[in-house]
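The values are calculated or read from the model by the stated rules, or taken from the named source; none is laboratory data. None of these values were measured; they are calculated from a predicted model. Counting neighbours? That spans all protein chains shown, and the Cβs are built from the backbone with ideal geometry, glycine included. Accessible surface is based on the protein model in full, side chains and every heavy atom, while ligands, DNA and RNA are left aside. Shrake-Rupley method; radii C 1.70, N 1.55, O 1.52, S 1.80 Å.
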Amino acid sequence: MIPSWLVIGAVTFLVAVGSFFITPRDVKWFAQLSRPRWLVFEQFIPLIWTVIFICGAASAYVVWEHDPGGIITWLLMGLYLLVEIITVTYIPLMLRFRSLKTGEIIGLSGFIAGIVLAIAVLPISGLATVLLIPYLLWSPIGTYTTDELRQLNPEDA
(Lines give C-alpha, C1' and ligand atoms only; values in the text may rest on other atoms or scores of the structure.)
Protein backbone atom coordinates (compact mmCIF):
# COMPACT_ATOMS: atom_id res chain seq x y z
CA MET A 1 0.00 0.00 0.00
CA ILE A 2 1.24 3.50 -0.86
CA PRO A 3 1.85 5.67 2.23
CA SER A 4 -0.68 8.48 2.69
CA TRP A 5 2.01 11.16 2.91
CA LEU A 6 3.28 10.11 -0.51
CA VAL A 7 -0.20 10.25 -2.09
CA ILE A 8 -0.94 13.65 -0.56
CA GLY A 9 2.46 15.00 -1.60
CA ALA A 10 2.06 13.65 -5.14
CA VAL A 11 -1.41 15.16 -5.56
CA THR A 12 -0.16 18.51 -4.24
CA PHE A 13 2.81 18.41 -6.61
CA LEU A 14 0.77 17.34 -9.64
CA VAL A 15 -1.84 20.07 -9.15
CA ALA A 16 0.85 22.72 -8.70
CA VAL A 17 2.87 21.55 -11.71
CA GLY A 18 -0.29 20.99 -13.74
CA SER A 19 -1.03 24.70 -13.60
CA PHE A 20 2.04 25.34 -15.77
CA PHE A 21 0.43 23.37 -18.58
CA ILE A 22 -2.66 25.59 -18.61
CA THR A 23 -0.75 28.86 -18.22
CA PRO A 24 -0.88 30.97 -21.38
CA ARG A 25 2.47 31.22 -23.11
CA ASP A 26 2.37 35.02 -23.33
CA VAL A 27 3.44 36.37 -19.95
CA LYS A 28 4.81 39.59 -21.43
CA TRP A 29 1.64 41.43 -20.42
CA PHE A 30 2.17 40.67 -16.74
CA ALA A 31 5.93 41.25 -16.88
CA GLN A 32 5.40 44.74 -18.32
CA LEU A 33 3.01 45.93 -15.61
CA SER A 34 4.16 48.70 -13.29
CA ARG A 35 4.94 47.39 -9.83
CA PRO A 36 4.75 49.05 -6.42
CA ARG A 37 8.14 50.23 -5.14
CA TRP A 38 7.77 48.09 -2.02
CA LEU A 39 7.48 44.89 -4.09
CA VAL A 40 11.13 43.94 -3.60
CA PHE A 41 10.46 40.28 -2.78
CA GLU A 42 8.93 39.24 -6.11
CA GLN A 43 11.77 36.85 -6.97
CA PHE A 44 11.06 34.94 -3.73
CA ILE A 45 7.37 34.37 -4.45
CA PRO A 46 7.87 30.89 -6.03
CA LEU A 47 9.85 29.79 -2.97
CA ILE A 48 7.22 31.25 -0.64
CA TRP A 49 4.45 29.36 -2.44
CA THR A 50 6.50 26.16 -2.38
CA VAL A 51 6.77 26.40 1.42
CA ILE A 52 3.04 27.17 1.66
CA PHE A 53 2.12 24.13 -0.46
CA ILE A 54 4.38 21.90 1.64
CA CYS A 55 2.72 23.19 4.81
CA GLY A 56 -0.72 22.60 3.26
CA ALA A 57 0.20 19.05 2.28
CA ALA A 58 1.56 18.42 5.79
CA SER A 59 -1.70 19.76 7.23
CA ALA A 60 -3.69 17.43 4.99
CA TYR A 61 -1.52 14.52 6.08
CA VAL A 62 -2.14 15.27 9.76
CA VAL A 63 -5.89 15.39 9.13
CA TRP A 64 -5.83 12.18 7.07
CA GLU A 65 -3.90 10.30 9.74
CA HIS A 66 -6.44 11.36 12.37
CA ASP A 67 -9.20 9.33 10.67
CA PRO A 68 -7.91 7.64 7.49
CA GLY A 69 -10.68 7.04 4.99
CA GLY A 70 -13.45 8.58 7.10
CA ILE A 71 -16.20 10.44 5.26
CA ILE A 72 -15.36 13.75 7.00
CA THR A 73 -11.69 13.18 6.19
CA TRP A 74 -12.49 12.67 2.51
CA LEU A 75 -14.61 15.83 2.48
CA LEU A 76 -11.75 17.75 4.06
CA MET A 77 -9.32 16.33 1.48
CA GLY A 78 -11.68 17.69 -1.16
CA LEU A 79 -11.56 21.09 0.53
CA TYR A 80 -7.75 20.99 0.64
CA LEU A 81 -7.77 20.17 -3.07
CA LEU A 82 -10.22 22.99 -3.79
CA VAL A 83 -8.02 25.52 -1.99
CA GLU A 84 -4.99 24.40 -3.99
CA ILE A 85 -6.86 24.46 -7.29
CA ILE A 86 -8.16 27.98 -6.59
CA THR A 87 -4.64 29.04 -5.69
CA VAL A 88 -2.93 27.64 -8.78
CA THR A 89 -5.56 29.07 -11.16
CA TYR A 90 -4.56 32.63 -10.17
CA ILE A 91 -1.85 33.02 -12.81
CA PRO A 92 -3.43 31.03 -15.69
CA LEU A 93 -6.79 32.79 -15.44
CA MET A 94 -5.35 36.24 -14.82
CA LEU A 95 -3.10 35.85 -17.87
CA ARG A 96 -5.80 34.27 -20.01
CA PHE A 97 -8.17 37.20 -19.38
CA ARG A 98 -5.37 39.78 -19.01
CA SER A 99 -7.25 41.00 -15.99
CA LEU A 100 -5.85 41.92 -12.60
CA LYS A 101 -9.42 41.99 -11.29
CA THR A 102 -9.67 38.28 -12.13
CA GLY A 103 -6.50 37.66 -10.11
CA GLU A 104 -7.87 39.65 -7.21
CA ILE A 105 -11.15 37.70 -7.20
CA ILE A 106 -9.28 34.39 -7.29
CA GLY A 107 -6.96 35.51 -4.48
CA LEU A 108 -9.88 36.54 -2.29
CA SER A 109 -11.74 33.30 -3.08
CA GLY A 110 -8.70 31.25 -2.07
CA PHE A 111 -8.34 33.18 1.17
CA ILE A 112 -12.01 32.62 2.07
CA ALA A 113 -11.74 28.91 1.22
CA GLY A 114 -8.55 28.75 3.33
CA ILE A 115 -10.35 30.27 6.32
CA VAL A 116 -13.17 27.75 5.94
CA LEU A 117 -10.62 24.93 5.76
CA ALA A 118 -8.71 26.17 8.83
CA ILE A 119 -11.94 26.41 10.84
CA ALA A 120 -13.01 22.95 9.66
CA VAL A 121 -9.76 21.26 10.68
CA LEU A 122 -9.35 23.09 14.00
CA PRO A 123 -11.48 20.58 15.98
CA ILE A 124 -9.48 17.74 14.45
CA SER A 125 -5.95 19.05 14.93
CA GLY A 126 -4.42 22.26 16.15
CA LEU A 127 -1.22 21.33 14.30
CA ALA A 128 -3.09 20.96 11.01
CA THR A 129 -4.57 24.42 11.55
CA VAL A 130 -1.20 25.96 12.43
CA LEU A 131 0.24 24.50 9.22
CA LEU A 132 -2.38 26.50 7.28
CA ILE A 133 -1.28 29.81 8.83
CA PRO A 134 1.36 30.51 6.15
CA TYR A 135 -1.38 30.34 3.51
CA LEU A 136 -3.70 32.49 5.58
CA LEU A 137 -0.97 35.10 6.05
CA TRP A 138 0.41 35.12 2.51
CA SER A 139 -2.84 34.89 0.53
CA PRO A 140 -4.05 38.36 1.60
CA ILE A 141 -0.60 39.77 0.82
CA GLY A 142 -0.87 38.41 -2.71
CA THR A 143 -4.41 39.74 -3.08
CA TYR A 144 -3.35 43.15 -1.76
CA THR A 145 -0.40 43.18 -4.16
CA THR A 146 -2.74 42.42 -7.05
CA ASP A 147 -4.98 45.29 -5.93
CA GLU A 148 -1.95 47.59 -5.89
CA LEU A 149 -1.05 46.41 -9.40
CA ARG A 150 -4.61 47.27 -10.49
CA GLN A 151 -4.24 50.78 -9.11
CA LEU A 152 -0.88 51.29 -10.84
CA ASN A 153 -2.15 49.79 -14.11
CA PRO A 154 -5.79 50.89 -14.42
CA GLU A 155 -5.84 50.00 -18.13
CA ASP A 156 -5.15 46.38 -17.18
CA ALA A 157 -7.59 46.19 -14.29
Dipole of the chain, Cα-centred, from +1 at each Lys and Arg C-beta and -1 at each Asp and Glu C-beta, to the nearest 20 debye?
-> 360
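With all distinct Cα pairs included, what does the Kirkwood hydrodynamic radius of region 1-50 come out to in Å, to one decimal, could you say?
On the way: mean 1/r = 0.0723 Å⁻¹.
About 13.8 Å for region 1-50.
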Enumerate the calculated ³J(HN,Hα) couplings along region 81-92 in order (Karplus 6.51 cos²θ - 1.76 cosθ + 1.60, θ = phi - 60°), each rounded to whole Hz, writing x wherever the residue is Gly or Pro.
-> 4, 4, 4, 5, 5, 4, 5, 6, 7, 3, 5, x
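Out of the chymotrypsin sites (Phe, Trp or Tyr not before Pro) in region 1-77, which ones are loop residues according to DSSP with at most 14 other C-beta atoms within 10 Å? Walk me through the intermediate numbers first.
On the way: sites: 5, 13, 20, 21, 29, 30, 38, 41, 44, 49, 53, 61, 64, 74; in loops: 38, 41.
Sites meeting the loop and neighbour criteria: 38, 41.
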In square angstrom, what is the accessible area per residue of region 1-122 with a 1.4 angstrom probe?
-> 61
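Sum -39500 (n - 2.57) across every DSSP H segment of at least 4 residues in the chain, then divide by the residue count to get the 222 nm mean residue ellipticity, nearest 500.
Working: 8 runs with 118 residues, N = 157.
-24500 deg cm²/dmol, from helical runs alone.
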Whole-Hz couplings from phi, Karplus 6.51/-1.76/1.60, listed for region 46-62; x for Gly and Pro | x, 5, 4, 5, 4, 4, 4, 5, 5, 4, x, 5, 5, 4, 4, 4, 4
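How much of the accessible area of region 75-157, in percent, comes from carbon and sulfur atoms when a 1.4 Å probe is used?
Values: 3030 of 4000 Å².
Percent of accessible area from carbon and sulfur atoms in region 75-157: 76.
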In whole percent, what relative contact order does the chain give with Cα contacts below 8 Å and a gap of six or more residues?
-> 31
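Rounded to the nearest 0.05, what FRET efficiency do residue 65 and residue 137 have when you use their Cβ-Cβ distance and R0 = 22 Å?
Working: r = 25 Å, r/R0 = 1.12.
So the FRET efficiency works out to roughly 0.35.
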Write down the Å³ per residue value for the convex hull defined by the alpha carbon atoms of the chain.
-> 105
Would you mind pulling out the separation of the Cα centroids of region 1-68 and region 101-133, in Å?
-> 14
